[in-house]
Amino acid sequence: MTQPTASHHLGILENAGLVKGRKEGKWVFYKITRLEITRILQRLDKG
């Protein structure tokens, strides 16, 4: 996935309230805002 594509999709997730972006200089750091999503990702990671 290209950087512009990733940024585009992260913007969509941010607009949906699923992630929150924090800008530092030219960088934007994203974090998951909903505990339910974190739990789902943890389960997927365990396989």
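Taken together, the values in this text are just the output of simple stated rules run on the coordinates, not laboratory data. Since we're looking at a predicted model, the values are computed, not measured. Counting neighbours? That spans all protein chains shown, and the Cβs are built from the backbone with ideal geometry, glycine included.
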Which one, (1) 1.03; (2) 1.00; (3) 1.51, gives Rg/Rh (Cα atoms, Kirkwood Rh) as derived from the coordinates shown?
(1)
Taking DSSP loops as anything outside H, G, I, E and B, show the longest stretch in the chain free of trypsin sites (Lys or Arg not before Pro) there with at most 15 other beta carbons within 10 Å.
1-25
For the chain, calculate the relative contact order in percent as a whole number, restricting contacts to Cα pairs under 8 Å that are 6 or more residues apart.
23
Only Lys, Arg, Asp and Glu count, each charged at its Cβ (+1, +1, -1, -1), so figure out the dipole size of the chain about its Cα centre, rounded to 20 debye.
140
